[in-house]
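These notes concern the structure reproduced below.
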Amino acid sequence: MEGNWNRLLFVNLSTDETWDESLPQEEWRNWIGGVGVGLRLYEKIGGLPDPFSPDNPLILTTGPLTGTPFPNSGRHEIVSRSPQTGFFGEANSGGFFGNELKKAGYDGIIIKGRGDSPKVIFIDDQVKVLNKPGLWGRDFYSLREELRKERKYSVMGIGRAGENGVLFSSIMNDEGRAAGRTGLGAVMGSKNLKAIAVRGNMQVPLHDRKKYFELVRKVSGYLIESPLTQGLKSNGSMIWMDMGQGMGDIPANYFTDHNFDYDSLSSMKFHDVYSVTSYHCANCVIGCGRTVTRDSKKIDGPEYETVASFGPLLGNSDFDLILEWNDLINDKGMDTISTGVIISALKHFVKNGKIVDPSITKYFEDGFKGIRKLIDDIAESREAGEELKNGLERFAISRGIPRDEIATVKKLEIPMHDPRAFKLQGLGYATSSRGADHLQAEMFEVDMGVDERQIGIISGDRWIVNTEERVRTMANAQNYRQVYNSAIICSYAKVNPEDIVSALYLATGFDYTLEEMMKIGDNIIQEKKKLNEKFGLKEGDDYLPALVRRKIEGEPEESATGDDEMNSLLTNYRKIRGWSL
């Protein structure tokens with residue numbers, strides 16, 4: 001088979017047994033790889049387990065472009081039932097892990113069971129499941145360095161947060177890359193699986209290697225020349241701190257206003273103040289990752305979402321603190337978006353008197369000096385962290401805070417793109433299968449002009465959205481993102497749709513059309529909804545809190561989304577999807 005090995009590694013941690021299985025060829029054609037195949041595998045073997053049950057599979061997948069030189073294809077997908085949302089959980093990460101796994105001869109790993117002792121899976125010229133109790137209790141960076149002593153593995157692992165069942169814990173890999181959302185690090189921890197270390201050197205089979213490499217050169221060329229790539233290359237993802245403020249897209253003070261000195265946290269200032277080098281994931285032509293050297297220590301530079309959530313959203317303008325907190329959160333293995341939103345919410349609720357509990361207020365008594373301890377307490381599940389580890393929505397509801405004041409969708413905290421700046425982004429949050437998610441439909445990019453009209457993704461007025469064409473654009477953007485996450489390609493690489501079709505054909509021999517490719521994306525959305533309904537999804541779960549729909553002072557009236565308009569948008573969306581109204 002070409003593009004994929006058709007070789008899946010199964011691991012039973014209860015017995016340490018491992019074996020290989022394959023899928024019928026039509027499954028690869030119909031679901032491509034990545035999230036599509038991961039979803040299909042979960043449907044086949046997952047059942048309806050509790051997220052922390054040994055029977056809940058943790059599934060890691062690559063795509064047909066992973067492990068090849070196709071630009072920005074060095075990613076992997078992880079799926080399971082999310083302990084944070086209770087629904088189908090998925091997370092996507094860059095780095096080198098997916099690339100190494102594919103070059104080791106595997107398209108994915110399916111992990112079930114629970115170890116009687118902390119385990120590490122090693123994959124190179126053979127597969128070994130070894131007891132490593134001495135690694136339990138380590139945070140990610142120490143774990144990574146320990147496992148690299150034996151061989152230069154790509155290491156995927158969890159920190160203390162995953163061990164302690166923090167519902168928004170991440171699965172880290174390589175130089176601070178994170179499969180961050182939906183709490184799959186807690187699933188990994190529940191299995192007593194501390195890490196997976198992989199190293200590969202095999203050449204991925206391709207349907208037409210010569211033409212594939214010609215296409216790689218073509219796509220690499222126009223990606224490198226694009227203004228988006230140039231901006232990300234020079235300033236990293238933090239460049240949105242410079243661009244987003246003018247659009248009103250960066251929320252401040254727990255989504256209540258835009259009153260913040262955004263220039264104090266600009267990407268240009270960051271690069272002026274610190275010693276910064278860039279970091280590339282496998283096969284990447286962009287290099288958006290950042291490494292900062294401080295006092296001879298190399299630490300991961302924060303991504304945009306981290307800077308925005310621990311900067312404007314929290315009302316903090318100190319880059320030093322953001323670097324410190326980001327390093328700690330990555331090491332503990334937590335999602336920086338969820339962690340930042342939770343802490344900004346606590347500060348807001350303490351300030352307006354909705355929370356007066358001393359176990360919470362003590363963290364905010366001396367400016368930001370208590371934040372590091374709060375982060376550590378959450379990861380260690382101690383003091384207030386024992387309650388906060390369950391996420392913002394569960395905590396806030398238990399304290400009597402109205403649902404419309406809680407910045408979550410399906411219990412997943414809202415990212416740093418304000419729905420009042422790009423209203424279809426809000427519809428994307430409300431309808432995403434994994435909860436509030438800016439990467440399932442990047443309407444903040446579409447309505448700035450990054451459209452693909454040949455597949456029905458059409459830029460428009462960011463505030464005039466309640467028409468069938470505009471809502472259909474958002475649905476098409478969701479469909480297209482499923483293709484990206486199945487192939488797999490980084491969202492920052494804006495590859496022409498026709499070239500994705502060509503790449504899939506030259507890699508696999510599957511002769512897709514644009515229409516078929518988009519239909520596969522729609523099928524993945526439909527299957528996610530069916531699975532989520534089995535997990536208990538109700539129509540009312542497609543919801544966006546009023547907190548992020550109210551007009552902000554100084555912004556146009558059109559930026560607000562009232563209840564009637566929101567309900568109309570959801571009705572139009574369900575009609576387009578063919579769902580009951």
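Every number in this text was worked out from the coordinates using simple rules, so none of it is lab data. Note that the structure is a prediction, hence the values are computed from the model and not measured. Cβ coordinates were reconstructed from backbone atoms using ideal geometry, including for glycine residues, and neighbour counts include every protein chain displayed.
For the range 78-237, what mean projected area does the convex hull of the alpha carbons give, in nm²? Intermediate values should be presented prior to the final figure.
Working: hull surface 45.4 nm².
Approximately 11.3 nm², given one-decimal rounding.
May I ask you to compute the full-extension gain from Glu386 to Arg29, defined as 0.36 nm times their residue separation minus their alpha-carbon distance, rounded to one decimal in nm?
On the way: separation 357, 0.36 × 357 = 128.52 nm, distance 4.49 nm.
Gain in length upon complete extension: 124.0 nm.
Using only the C-alpha atoms of the range 1-151, find the volume of their convex hull and express it per residue in Å³.
Values: hull volume 19.3 nm³, N = 151.
Looking at the range 1-151, the number lands at 128 Å³ per residue.
Summing Lys, Arg as +1 and Asp, Glu as -1, what charge do residues with Cβ under 10 Å from the Cβ of Ile123 carry, Ile123 excluded?
-1
May I ask you to work out the translational diffusion coefficient for the range 390-434 at 20 °C, viscosity 1.002 mPa s, via Stokes-Einstein with Rh from the Kirkwood sum over Cα pairs, reported in whole µm²/s? Don't skip to the answer; put the middle values down first.
Working: Rh = 11.2 Å.
Diffusion coefficient, whole number: 191 µm²/s.
For the range 446-581, what is the Kirkwood hydrodynamic radius in Å, using each pair of distinct C-alpha atoms? List each step's numbers first, then the result.
Values: mean 1/r = 0.0596 Å⁻¹.
So the Kirkwood estimate lands at 16.8 Å.
What distance in nm separates the two pseudo spin-label positions at Leu48 and Asp461, each 7 Å out from Cα along the beta-carbon direction?
Computed distance between label sites Leu48 and Asp461 equals 4.5 nm.
So, in nm, how far is label Asp295 from label Ser491 when the simple model puts each one 7 Å beyond its Cα toward the Cβ?
So the two model labels end up 3.4 nm from each other.
Using the Karplus curve 6.51 cos²θ - 1.76 cosθ + 1.60 with θ = phi - 60°, what ³J(HN,Hα) values do you get for each residue of the range 82-87, in whole Hz, with x for Gly and Pro?
So the J values, rounded to whole Hz, are 7, x, 7, 9, x, 9.
Taking K and R as +1 and D and E as -1, what net charge do the other residues with C-beta under 10 Å from the C-beta of Phe444 add up to? Display every interim value, and only then the final one.
Working: positive: Arg462; negative: Asp249, Asp418, Glu442, Glu445, Asp447.
With Lys, Arg at +1 and Asp, Glu at -1, the neighbours total -4.
Roughly what would the spin-label model give for Lys128 and Arg574, points 7 Å off Cα along C-beta, in nm?
Rounded to a tenth, the inter-label distance reads 5.5 nm.
How much net charge surrounds Gly134 when only the other residues with a Cβ under 11 Å from the Cβ of Gly134 are counted, with Lys and Arg +1 and Asp and Glu -1?
Details: positive: Lys132, Arg138, Lys194; negative: Glu146.
That works out to +2.
Arrange Arg151, Arg399, Arg574, Arg144 by Cβ neighbour counts within 10 Å, fewest through most, would you? Show your work: numbers first, answer last.
Numbers: Arg151 10, Arg399 13, Arg574 16, Arg144 23.
Exposure proxy ranking, most exposed first: Arg151, Arg399, Arg574, Arg144.
What do you get when you divide the Cα radius of gyration of the range 25-72 by 2.2 N^0.38 Å, with N the number of residues?
Numbers: Rg = 13.0 Å, N = 48, 2.2 N^0.38 = 9.6 Å.
Normalised Rg, Cα atoms only: 1.36.
What is the fewest-to-most order of Phe140, Phe213, Phe444 by other Cβ atoms lying within 10 Å of their Cβ? Show your work: numbers first, answer last.
Working: Phe140 27, Phe213 15, Phe444 24.
Final ranking by Cβ density, sparse to dense: Phe213, Phe444, Phe140.
With r defined as the distance between the Cβ atoms of Asn259 and Lys362 and R0 fixed at 30 Å, what FRET efficiency is calculated, to the nearest 0.05? List each step's numbers first, then the result.
Numbers: r = 26 Å, r/R0 = 0.87.
Working from the Cβ atoms, E equals 0.70.
Return the FRET efficiency for the residue pair Glu515, Val450: r is the Cβ-Cβ distance, R0 is 22 Å, and the value is rounded to the nearest 0.05.
Values: r = 21 Å, r/R0 = 0.96.
The pair Glu515/Val450 has a calculated efficiency of 0.55.
Can you sort Tyr141, Tyr429 from fewest to most other Cβ atoms within 10 Å of each residue's own Cβ? Don't skip to the answer; put the middle values down first.
On the way: Tyr141 18, Tyr429 28.
Going from sparsest to densest Cβ surroundings: Tyr141, Tyr429.
Just the number, please: percent antiparallel of the DSSP beta bridges in the range 8-198, rounded to the nearest 5.
Values: 32 of 42 bridges.
Beta bridges within the range 8-198, antiparallel portion: roughly 75 percent.
Using every Cα-Cα pair within the range 94-154, state what percent have a distance larger than 20 Å. Mind showing how you got there, number by number?
Values: 579 of 1830 pairs.
It works out to 32 percent of all Cα pairs.
Per-residue ellipticity at 222 nm for the chain, helices alone: DSSP H runs ≥ 4 residues times -39500 (n - 2.57), over residue total, nearest 500 deg cm²/dmol?
-11500 deg cm²/dmol
Can you give the FRET efficiency for Glu469 and Glu145, using 1/(1 + (r/R0)^6), R0 = 35 Å, r = Cβ-Cβ distance, to the nearest 0.05? Don't skip to the end; give the middle numbers.
Numbers: r = 53 Å, r/R0 = 1.50.
Working from the Cβ atoms, E equals 0.10.
When only C-alpha pairs under 8 Å and at least 6 residues apart count, what is the relative contact order of the chain, in percent?
On the way: 1291 pairs, mean separation 95.5, N = 581.
Answer for the chain is 16 percent.
In the range 227-400, how does Rg compare with the Kirkwood Rh, expressed as the Rg/Rh ratio over alpha carbon atoms? Each step should come with its number before you reach the end.
Working: Rg = 16.6 Å, Rh = 16.8 Å.
So for the range 227-400, dividing Rg by the Kirkwood Rh gives 0.98.
Once Rh is set to the Kirkwood radius over Cα pairs, what Stokes-Einstein translational diffusion coefficient, in µm²/s, holds for the chain at a temperature of 37 °C and a viscosity of 0.692 mPa s?
139 µm²/s
Between the range 389-468 and the range 502-519, what is the C-alpha centre distance in whole Å?
Using only Cα atoms to place each centre, the spacing works out to 29 Å.
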